[in-house]
Amino acid sequence: MQRFAIIWSGQFITLVGNSVLRFAFVIQAWTAGQQATQVVLLALCGVLPQVLLSPTAGALVDRCRKRTALMLADLGGLVVVGGLTVVYFVGHLELWQIYLAATLLGATAAFQYPALSSAVPLLVGKAHLQRANGLLGTARSTAEVCGPALAGVLIGTSGLAAILWADLLSFVAGLATIWSVRFAEERPGRAPGGAPRRRLIGDSLDGLRFLFARPSLRGLILIVFTVNLVMVFGYSVLPPMILARTGNDTAALAAVLSSIGVGGILGGLVVGVWGGPRSRIRAMLLGILGMCVSSLIAVAVVRDVRAWCAAVVVGAVLMAIVNSTEQAIIQTKVPSDRQGRVFGAVLAVSQVSVPLAMALSGPLADHLFEPQAATGTGLVGRLQPLLGTGPGSGMAAMLLIAGVGGSVVALWGLSSQPVRDIDRLVPDIEESPVTDRTTQEVDDAGEPVRG
């Protein structure tokens, strides 16, 4: 784990620097006009490039060494923030320039995720994959907790200039750690069998084809998509629900949101120390079930700040286990020369649900669920004995619906043989292929699938 620890330290510093800058962007967007639309647009500028570019980014990652891909991703971020720093010091920084920077940083993130995810198996052995993924999750969660706090201090004492310099230095630290480590990888060559390399567009779609041609992996990725959809759908209305139910108590909201970060840190540390479960797919599906029950259903039903905090901590711990386990499954089922494309496809499929859920949750809360809560009619009226009445109970119904939907998906996965038996149907890449026709993974035409 020594080489991974060096890379991890550099990526952790970069994540904290990026979190500080994102928070500063939010402050800049809000103070420019004090409109929520400007803040939401800023978030979309970061998400949409990842959705659109991830498949192509994954294909490009597979065409070069993973170490090179990681360095290029961090170098891209360094160039973007460097350009923004120059604009800030030589002229007046305008809101459209912040949107452009957020978009370009989202594009670099589209490369960073498949590069880092496919690099982990080159740094640690199979037995340590879940541990390494858990520690990466801890780094992300810690950055999300520490970043806003550090940004608040820097904004109050030194202004945006200090934040820009700090983020530049964080990218330099990330590049330095990658440069200092040698990866156990071969130089990418021609396609398997000596065939000519396909065009970039074909390679960009190869990750999706690889996943959807195998029923087990197809079921897994559809579960990931659906769970992300319901989690974002529910969590999008979590802050306004808490404010509505507590009479605009911002301290209560801060406590709940901080608890999510704390749970993510604890979950990553648990996996890092434990090493992860042996039955990965069952642990993942049971984790999704527990995550939906605790952080969605329980949060909808209870009406106490301490209970909310406890519920979201449990949910965040389970989410860290789910994420690290899912990544380990893909890292062991997909050949190394295809992992960039596959992880790019995974990011695209999982992230496409984010803008969709965000676009649905706000209007539904304002124009359907909260009006039903106010009049005691419709579905929300029927759920009032369970969820209570008053402002916020309509949004609580949305969390309840999301939690039930995610639980159903997890139970479906446990009952689905292709998903439940993924370790038997899709052997780990270093294992001998299964020759028994009754247990070999087949495509939709009934033919054996070959990696």
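A single member of 24, 101, 29 is modelled with pLDDT of 85 or more and over 19 Å from residue 115 (Cα atoms), and it is 101.
State whether one or more residues within region 89-102 are of a type in the set (Ser, Thr, Tyr), in the same structural domain as residue 3 (by TED's automatic domain parsing) and within 18 Å of the chain's Cα centre (by Cα).
No - not one qualifying residue is present in region 89-102.
Cβ-Cβ contacts under 6 Å between residues 6 or more apart (or on different chains), taken from a first residue in region 376-398 that is polar (S, T, N, Q) to a second residue that is modelled with pLDDT of 90 or more, are listed as 393/373; 393/387. Here the condition is being of a type in the set (Ser, Thr, Tyr) and more than 30 Å from residue 139 (Cβ to Cβ); of 393, 353, it holds for 393 alone. Being in a helix (DSSP H, G or I), surrounded by fewer than 18 Cβ atoms within 10 Å (Cβ to Cβ) and either touching a residue at least 24 places away in the same chain (Cβ under 8 Å) or not assigned by TED's automatic domain parsing to the domain that holds residue 397 (or both) is a description that applies to residue 282. Looking at region 291-369, none of the helices (runs of 4 or more DSSP H) lying wholly inside it contains 3 or more residues that are touching a helix residue (DSSP H, G or I) at 6+ places or on another chain (Cβ under 6 Å), assigned by TED's automatic domain parsing to the domain that holds residue 108 and buried (at least 22 other Cβ atoms within 10 Å of the Cβ). Of everything listed in (1) modelled with pLDDT under 90; (2) assigned to a helix (DSSP H, G or I), the single unmet condition for residue 64 is (2).
Every listed requirement among (1) without any contact (Cβ under 8 Å) to a residue 12 or more places away in the chain; (2) aliphatic (A, V, I, L, M); (3) under 18 Å from residue 214 (Cα atoms) is met by residue 359 save one, (3).
Rundown of residues vs (1) of a type in the set (Val, Ile, Thr); (2) more than 14 Å from residue 236 (Cβ to Cβ), yes/no style:
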residue	(1), (2)
366	no, no
371	no, yes
377	yes, yes
380	yes, yes
383	no, yes
386	no, yes
399	no, no
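Among all positions in region 64-73, there is at least one residue which is closer than 15 Å to residue 341 by Cα and surrounded by fewer than 20 Cβ atoms within 10 Å (Cβ to Cβ).
The values are calculated or read from the model by the stated rules, or taken from the named source; none is laboratory data. Please read these numbers as outputs of a predicted model, since none were measured by experiment. Here the Cβ is made from the backbone with ideal geometry for all residues, glycine too, and neighbour counts use every protein chain on show.
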